[in-house]
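The values are calculated or read from the model by the stated rules, or taken from the named source; none is laboratory data. This structure is a prediction, so every number in the text was calculated from the model and none was measured. A quick note on method: Cβ atoms are made from the backbone with ideal geometry, for glycine too, and the neighbour counts reach across all protein chains shown.
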Amino acid sequence: MTIHTANEAEIVAAGLASAASRHFGGPATIEGLRRESGGASRQTWCFDALVGDQRHELILRRDPPTTGAAERASATALDRATEFGVLRAAFRSGVRAPEVLFELAAQDGLGEGFVMRRVGGIAIARKLLRDPPYADARGKIARQLGEIVARIHAVDTAGLPPLPHREAADQVAALRTALDSLDQPQPVFELALSWLDRRRPAPTARPLLVHGDFRTGNYLADEHGVTAILDWEGAHLGDPIEDLGWLCVKSWRFGSIDKPAGGFGSREELWSAYENAGGIAVDPARAHWWEVFGTVRWGVICLTQAWRHLSGSVKSMELASIGRRAVETEVDLLQLLKEAS
Amino acid sequence: MAQDRPTTSELLSAIGDFLREEATPALDRAEPRLGFQMRVAVNSLAILERESRLGPAADAREHARLVALIGRDGTLAELNRELARQLRAGERDERDAALMTHLDATTADKIAIANPKWR
């Protein structure tokens with residue numbers, strides 16, 4: 001992991017001052033700049049821009065100029081410009097998402113990225129699930145997520161930048177390809193992928209905007225509940241039920257295992273909120289298929305994250321250690337397949 | 001040649017205890033980001049400690065089951081590669097009771113090392 005230096009912060013502040021001055025149409029001063037935790041390749045910075053007597057509380061998302069394709073978290077992740085376009089379209093159609101303001105330009109010297117308004121709330125699952133200030137919110141989050149994801153799926157796809165279209169069959173094939181690029185055979189994942197392949201749902205009649213990483217840990221919430229959906233780099237067109245299945249993967253319950261909807265509620269609560277907010281009727285078998293798929297997906301991501309370290313592309317103890325989490329999903333998969341039979 | 005004590009498990013435990021009880025609090029005060037990384041390291045050491053105690057017998061059990069299941073001898077990697085191939089090809093599936101017994105047992109042994117609290 002790269003240790004960020006004072007020098008890096010100065011470069012970022014200078015680039016942001018020029019980008020913010022251009023956007024707000026007046027000289028901008030950057031204050032309180034600090035890097036949030038997160039990966040070395042995809043950075044999040046928090047800062048204020050002062051323009052005249054106006055203070056704008058902002059967030060920068062960027063890939064530093066040195067980031068090569070090998071460092072990308074995943075080959076299927078969107079670039080920053082596309083993520084910007086998806087976020088803008090989602091915000092404009094009323095999705096609870098951060099308001100994106102402007103993109104970086106080449107002359108800012110900060111690589112690819114964009115700036116959005118800061119939203120209150122925290123993303124840390126363990127606090128949302130256990131700390132006293134969030135007691136009220138805990139009773140609301142499952143329903144709120146159902147409503148918000150229905151809004152995401154209602155975004156007019158004509159207003160989106162070009163996005164990959166990935167249906168169930170493509171996704172099963174992609175996980176097999178990912179397994180083939182690793183050097184270790186994985187019988188439990190192979191079993192689950194064959195199970196999925198034999199039961200895969202028909203392609204959607206009309207592919208919708210799918211968030212692609214809709215889970216606890218990827219949204220902000222405060223004492224009233226969800227404030228903003230984050231991490232849109234996995235957005236694609238496809239089967240909307242994919243988002244509902246992924247949210248219910250056991251790894252995203254962070255220990256609250258009896259509450260499948262992200263650790264906050266039942267599947268039925270989530271589905272009824274989704275349907276009432278305009279989502280399509282949820283077929284439980286289809287949702288289960290995507291939950292099983294999501295469980296394999298997270299297991300394969302654990303292995304590929306470790307592989308980023310093992311292959312020498314990024315040196316990171318943290319990534320290496322994620323490899324040993326894959327077995328958690330094997331335990332869950334064997335359980336899920338038994339429940340299904 | 002046998003090494004003197006501490007054993008692998010004893011030494012890993014001693015290192016883990018020191019890092020968790022003494023080094024981590026100091027690091028949390030000085031540099032919280034490194035404190036988080038240290039917790040990841042301490043957790044990984046605990047995995048290695050369990051693996052040093054439980055791993056050899058678990059590997060032997062897995063190997064014996066695989067030989068019976070596949071019907072020939074080979075290294076763990078070779079036998080698992082063959083099992084993975086059969087599963088992808090659909091030559092075996094979840095209706096095969098011997099297969100499921102093997103996968104349950106193997107996964108139980110793996111999680112006992114990687115994260116015994118997982119449920």
Is there any pair with a first residue in the range A:21-36 that is more than 20 Å from A:ASP63 (Cα to Cα) and of a type outside the set (Ser, Thr, Tyr) and a second that is modelled with pLDDT under 95 and assigned to a loop (DSSP other than H, G, I, E, B) whose Cβ atoms are under 6 Å apart and which are 6 or more apart or on different chains, and what are they? A:GLY26/A:GLY52
How about the range A:229-341: which helices (runs of 4 or more DSSP H) wholly inside it have at least 3 residues that are under 20 Å from A:LEU196 (Cα atoms)? A:241-247, A:284-310, A:326-340
Quick check on A:PHE214: is it of a type in the set (Phe, Trp, Tyr) and within 21 Å of A:VAL296 (Cα to Cα)? yes
List the residue pairs whose Cβ atoms are under 8 Å apart, where the first residue sits in the range B:75-94 and is under 14 Å from A:ASP180 (Cβ atoms) and more than 7 Å from chain A (Cβ to nearest Cβ), the second is surrounded by 14 or more Cβ atoms within 10 Å (Cβ to Cβ) and at pLDDT below 95, and the two are 6 or more positions apart or on different chains. none
Within the range A:164-189, can you find the residues that are at pLDDT 95 or above and over 25 Å from the mean Cα position of the chain (by Cα)? A:PRO185, A:GLN186, A:PRO187, A:VAL188
When only residues in the range B:69-118 that are part of a helix (DSSP H, G or I) and hydroxyl-bearing (Ser, Thr, Tyr) count, which is nearest to A:ILE257 (Cα to Cα)? B:THR107
All but one of (1) more than 21 Å from A:GLU190 (Cβ to Cβ); (2) assigned to a helix (DSSP H, G or I); (3) more than 11 Å from chain A (Cβ to nearest Cβ); (4) not β-branched (Val, Ile, Thr) hold for B:ASN43; which doesn't? (3)
Answer yes or no as to whether A:ASP183 is part of a loop (DSSP other than H, G, I, E, B), within 14 Å of chain B (Cβ to nearest Cβ) and not small (Gly, Ala, Ser). yes
Give all pairs with beta carbons closer than 6 Å in which a residue from the range A:93-110 that is assigned to a helix (DSSP H, G or I) meets a residue that is not acidic (Asp, Glu); count only pairs at least 6 apart in sequence or on separate chains. A:ASP108/A:GLY15; A:ASP108/A:SER18; A:ASP108/A:ALA19
Can you name the residue in the range A:277-323 that is of a type in the set (A, V, I, L, M) and in contact with a Phe, Trp or Tyr (Cβ under 6 Å, 6 or more places away or on another chain) and is also nearest to A:ALA77 (Cα to Cα) among such residues? A:VAL296
If the requirement is being in contact (Cβ under 8 Å) with a residue 12 or more places away in the chain, within 14 Å of chain B (Cβ to nearest Cβ) and touching a helix residue (DSSP H, G or I) at 6+ places or on another chain (Cβ under 8 Å), which of these qualifies: A:GLY217, A:GLY255? A:GLY255
Please indicate, with yes or no, whether at least one residue in the range A:308-328 is within 11 Å of another protein chain (Cβ to nearest Cβ) and either polar (S, T, N, Q) or within 25 Å of A:ALA150 (Cβ to Cβ) (or both). yes
Test result for A:ARG138, buried (at least 17 other Cβ atoms within 10 Å of the Cβ), assigned by TED's automatic domain parsing to the domain that holds A:ARG324 and over 23 Å from A:GLU233 (Cα atoms): yes
If you take the residues in the range B:95-116 that are closer than 19 Å to A:ARG325 by Cβ, more than 9 Å from every other protein chain (Cβ to nearest Cβ) and not acidic (Asp, Glu), which one is farthest from the chain's Cα centre (by Cα)? B:PRO116
For the range A:286-341, enumerate the residues that are closer than 29 Å to B:LEU34 by Cβ, basic (Lys, Arg) and touching a helix residue (DSSP H, G or I) at 6+ places or on another chain (Cβ under 6 Å). A:ARG308, A:ARG324, A:ARG325
Meets criteria (within 24 Å of A:LEU78 (Cβ to Cβ), outside any strand (DSSP E or B), away from every other protein chain (no Cβ under 14 Å) and out of contact with any Cys (no Cβ under 7 Å at 6 or more places or on another chain)) for A:THR177: no
